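For reference, the structure is listed below as structure tokens.
The values are calculated or read from the model by the stated rules, or taken from the named source; none is laboratory data. Keep in mind that what you see is a predicted model, and the values were worked out from it rather than measured. In this analysis, Cβ positions are derived from the backbone assuming ideal geometry, glycine residues included, and neighbour counts consider all displayed protein chains.
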Amino acid sequence: MEISIEQCLLLFLVSVIFVGVITPLVRKLALRFDVVDRPTESHKTHKVPIPYLGGVAIVSGVLAITYGALVLSGNLKLLVLVSSVLLPAVFMSIIGLIDDIKKLAPWPRFFVQNCVGVGVSAILVSTDTLGSPSGNTLFDVLISIFWIVGITNSINFFDNIDGGASGAIGISTLTLFVLAFQSGQFFIAALAVVLAGSTVGFLGWNRPPARIYMGDAGALFLGVLISTLTLRFDPSPIHKVASFSIPVLLLAVPILDTTTAVLSRIRRGISPFQGGRDHLSHRLMRMNKSKRESILILWILNLFFCIAAVMISYAPFQWEPILTFMFVAIWLLLLIAFLRQSDV
């Protein structure tokens with residue numbers, strides 16, 4: 001499968017427009033059926049009820065544009081491959097949609113995430129489509145499950161401020177597109193650019209002040225899909241450590257947010273699944289940053305680590321481990337700095 005830069009640009013623009021147009025329609029649907037996020041809990045940052053179901057618009061955009069492009073190109077041989085990537089994410093989105101409407105308990109949802117992780121990992125390992133295999137099948141399966149479940153929860157956790165998850169995924173998937181396209185991994189590049197366009201289209205309605213939220217239906221879909229794409233992506237660095245670091249850097253800020261919140265809750269003796277005002281956005285706002293300033297800082301940090309991933313990818317052989325160590329050290333310093341801030 002080959003795809004031109006012009007075709008990628010077209011996929012991006014069509015995705016932006018499609019999701020941008022259907023999002024207000026989905027918003028009206030959410031209001032009609034009263035599927036809204038009411039600020040009844042202390043950790044909520046909004047003051048008035050905000051419609052959920054934005055994830056439905058994102059999922060619809062990714063599916064419509066991806067399968068539509070396959071049909072129009074006549075390249076139906078990729079149907080099974082595309083479905084093997086998208087359907088697990090869609091299944092997780094359905095679970096998220098049920099949670100948005102009926103509020104599921106954390107543990108059943110976590111169990112389903114692990115089941116999806118096992119299924120996707122089995123597909124990747126059995127079809128030899130893992131981008132950076134370690135050479136040990138059991139380790140590959142376990143680390144893949146851990147990555148899928150971890151990133152899915154990280155994206156869900158990071159969706160705690162207007163434009164948080166949608167902006168971060170937009171930046172990360174555009175970077176993944178650049179890396180995949182330059183290395184000739186056109187299947188990953190095409191899906192990444194559609195996902196980027198869909199999140200950017202939704203961001204127009206989700207940026208501060210948000211008029212709609214993606215809810216778990218969107219966050220869980222994005223988490224499963226981007227974790228799967230980064231597992232399939234084969235980074236160019238020769239050093240294994242550098243290769244493993246690139247997917248991590250692409251999602252460094254959502255991982256930082258989740259790590260900060262989880263460690264904060266553990267040291268306070270409360271459940272990691274319990275909501276709270278201990279995310280990066282809340283900590284920034286307690287530092288007298290506005291909601292807009294907070295999300296802008298998080299987007300800039302996300303862009304910084306994505307640029308770091310690109311730098312490692314194009315660095316000379318001898319610089320790969322040095323750059324990897326440097327950016328990991330920066331991430332750890334940020335973790336320490338945020339943990340030193342007040343938890344609540």
Q | Number of the exception - Ser236 against (1) assigned to a loop (DSSP other than H, G, I, E, B); (2) in contact with a Leu (Cβ under 6 Å, 6 or more places away or on another chain); (3) polar (S, T, N, Q) | A | (2)
Q | Selected residue (only one of Leu142, Leu138, Leu174 is of a type outside the set (Val, Ile, Thr), surrounded by fewer than 24 Cβ atoms within 10 Å (Cβ to Cβ) and touching a helix residue (DSSP H, G or I) at 6+ places or on another chain (Cβ under 7 Å)) | A | Leu174
Q: Filter region 116-129 for residues that are assigned to a helix (DSSP H, G or I), more than 18 Å from the chain's Cα centre (by Cα) and surrounded by 14 or more Cβ atoms within 10 Å (Cβ to Cβ) and give the result.
A: Val118, Gly119, Ile123, Leu124, Val125
Q) Which residue out of Ala30, Ala64, Ala57 is at pLDDT 95 or above and farther than 30 Å from Val125 by Cα? A) Ala57
Q: Six or more apart or on different chains, Cβ under 7 Å: which pairs go from a residue in region 155-184 that's farther than 13 Å from Ala252 by Cα and without any contact (Cβ under 8 Å) to a residue 40 or more places away in the chain to one that's among the hydroxyl-bearing types (Ser, Thr, Tyr) and in a helix (DSSP H, G or I)? Could you list them?
A: Gly170/Thr199
Q: For Val90, state whether it is touching a helix residue (DSSP H, G or I) at 6+ places or on another chain (Cβ under 6 Å) and surrounded by 15 or more Cβ atoms within 10 Å (Cβ to Cβ).
A: no
Q. Taking region 69-87, which residues are of a type in the set (A, V, I, L, M) and either more than 20 Å from the chain's Cα centre (by Cα) or surrounded by fewer than 12 Cβ atoms within 10 Å (Cβ to Cβ) (or both)?
A. Ala69, Leu70, Val71, Leu72, Leu76, Leu78, Leu79, Val80, Leu81
Q. Applying the selection to region 145-170, what residues are surrounded by fewer than 24 Cβ atoms within 10 Å (Cβ to Cβ) and farther than 22 Å from Leu53 by Cβ?
A. Ile145, Phe146, Trp147, Val149, Gly150
**Q.** Hits in region 48-107 - residues which are under 20 Å from Arg27 (Cβ atoms), in contact (Cβ under 8 Å) with a residue 60 or more places away in the chain and assigned to a loop (DSSP other than H, G, I, E, B)
**A.** Tyr52, Leu53
Q: Considering only residues that are surrounded by fewer than 16 Cβ atoms within 10 Å (Cβ to Cβ) and of a type in the set (S, T, N, Q), look in region 298-344 and name the one that is farthest from Val253 (Cα to Cα).
A: Gln318
Q) Within the bounds of region 204-212, is there any residue that is surrounded by 24 or more Cβ atoms within 10 Å (Cβ to Cβ) and within 29 Å of Tyr314 (Cβ to Cβ)? A) no
Q: Run Gln113 past the list (1) in contact with a strand residue (DSSP E or B) (Cβ under 8 Å, 6 or more places away or on another chain); (2) in contact (Cβ under 8 Å) with a residue 24 or more places away in the chain and report the number of the one that doesn't hold.
A: (1)
Q: Could you list all residues from region 264-274 that are surrounded by 15 or more Cβ atoms within 10 Å (Cβ to Cβ) and under 10 Å from Phe157 (Cβ atoms)?
A: Pro272
Q) What pairs come up if the first residue lies in region 319-338 and is within 20 Å of Val241 (Cα to Cα) and in contact (Cβ under 8 Å) with a residue 24 or more places away in the chain, the second is in a helix (DSSP H, G or I) and of a type in the set (S, T, N, Q), and their beta carbons are under 6 Å apart, counting only those six or more places apart or on different chains? A) Thr324/Ser245
Q: State which residue is farthest from Asp128 (Cα to Cα) when the search covers only region 213-258 and only residues that are surrounded by fewer than 24 Cβ atoms within 10 Å (Cβ to Cβ) and among the β-branched types (Val, Ile, Thr).
A: Thr258
Q.
Any residue that is more than 13 Å from Leu249 (Cα to Cα), surrounded by 16 or more Cβ atoms within 10 Å (Cβ to Cβ) and of a type in the set (Ser, Thr, Tyr) - is there at least one of those in region 286-297?
A. yes
